[in-house]
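Contents: one structure, followed by commentary.
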Amino acid sequence: METVVSGIRSTGNLHLGNYFGALRNFIKMQEENKCFFFIADYHSLTTHPDPKILHGNVKNVLTEYLAAGIDPDISTIYVQSDVPEVCELYLLLNMHAYMGELAKTVSFKEKARKQPENVNAGLLTYPTLMAADILMHNANKVPVGKDQEQHLEMTRKFARRFNNFYNVEYFKEPVAYNFGGELIKIPGLDGSGKMGKSEGNCIYLAEDAKSIEKKVKRALTDEGPKEPNSVKPECIENLFTILKVVSTDEVVKHFDEKWNTCEIRYGDLKKQLAEDIIAVTSPIRERILEIQNDDAYLHKVVTEGTARARESASKTLKEVREIMGFKNF
Ligand code: TRP
């Protein structure tokens, strides 16, 4: 069994793109691996969030992941800032992380450009904190998107450097979790390539049926096919891409045929699409609403998750301290 660590950003609500792009696969992943899921609230501090909304953001993410199927009975779910061991490992790893390599990171350069008034040391050492998250559980697999590959590469570098420096074979070099080509990129409803929060073209898992219907109705279309069997323009292809993941094969085939014979009515397509999206999201939404108000349940999940995470982390830290030469009097 492999150990998997997955850090979740504590900003924003989950949308269909997150669900089909990764989350749905986490549900299978957690059954086959020892999984740690945590909410990266320390990392979110690099952008100085308002204290009044920090906790709300964490709670949001926690409830949505639980509602979507992350199972606290088989996975360890925790909030990063509840596990102080990560800070110590972060400090220790920072002693072997170099200014030059940190400043060269793509994400650092991007953030420094975006927030020139707040280029703080946390931003610079973001990759060390992420490495601490992963190495703390001595994970060998991390599910990451393209934008996080460089961070994972640095985690391997820090692990290797530690092993070499102290002449041990202690840390594993974690690699990306491979979902075997099952990841689906969900396009936006505005004809764009990707559904994303910053693109403002999302359907959220917590959204109610009416609002989903409205958004799908407003999705960009064209004036319809002019000739039989023509190639679909991007905005129509996008609707079909989403249809393929939420509907049955028969439904997709039906609309494909209508397209090919130039008989397609976008109103019908959109009605079906909205209906099938709602069928996927509504049980998740119901569960979100249920969990949101169940403080006792959330407390129990986090308390148990923290205990398990700290057990794993403190074991690592004890060994790392020994390797580095710390001794008790
Ligand atoms: N940097 C990741 C992101 O922005 C979040 C993250 C923090 C993470 N620590 C991690 C992901 C450890 C995987 C493992 O999405």
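Here is how the numbers come out for the structure above:
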item	result
Cross-link table K28/K52; K194/K253; K114/K172; K59/K114; K214/K300; K104/K141, entries beyond 30 Å C-alpha to C-alpha	K28/K52; K114/K172; K214/K300
Contact order normalised by residue count of region 209-289, Cα under 8 Å, 6+ apart, percent	43
Surface accessible to a 1.4 Å probe, per residue, for the residues of region 49-108, Å²	45
Relative frequency of Cα-Cα separations exceeding 18 Å in region 209-289, percent	41
Portion, in percent, of the accessible area of the chain that falls on carbon or sulfur, probe 1.4 Å	52
Net charge over other residues, Cβ less than 12 angstrom from the Cβ of Y98 (K, R count +1; D, E count -1)	+2
Full-extension gain in nm, E227 to K210, via 0.36 nm per residue minus C-alpha separation	2.7 nm
Rh (Kirkwood; distinct C-alpha pairs) - region 99-214, Å	17.0
Label-to-label distance, nm, for residues given as F165 and Q115 (7 Å Cα→Cβ offset)	2.7
Pair Q150, A279: separation of 7 Å Cα→Cβ label points (nm)	4.3
DSSP-assigned coil residues among chymotrypsin sites (Phe, Trp or Tyr not before Pro) in region 71-128, each with at most 11 further Cβ atoms within 10 Å	Y98
Sites N293 and H254, calculated FRET efficiency, Cβ-Cβ separation with R0 45 Å, nearest 0.05	0.65
Rounded FRET efficiency, nearest 0.05, which uses the C-beta distance separating R265 from F179 and R0 of 45 Å	0.80
Value of Rg to Rh for the chain (Rh from inverse mean 1/r over Cα pairs, i.e. Kirkwood)	1.03
Region 94-108 versus region 4-81: alpha-carbon centroid distance in Å	26
Sparsely packed GluC sites (Glu not before Pro) within region 206-305, loop by DSSP, other Cβ within 10 Å at most 10	E223
Pairwise FRET efficiency - E237 versus L54, Cβ, R0 = 56 Å, nearest 0.05	0.90
Value at 222 nm in deg cm²/dmol, rounded to 500, when DSSP H runs of n ≥ 4 in the chain each add -39,500 (n - 2.57)	-17000 deg cm²/dmol
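The values are calculated or read from the model by the stated rules, or taken from the named source; none is laboratory data. It should be emphasised that the depicted structure is a prediction, and the values quoted were computed from it without experimental measurement. Neighbour counts run over all protein chains shown; Cβ positions are idealised from the backbone, glycine included. Protein only, heavy atoms only, side chains kept; ligands, DNA and RNA dropped before computing areas. Shrake-Rupley method; radii C 1.70, N 1.55, O 1.52, S 1.80 Å.
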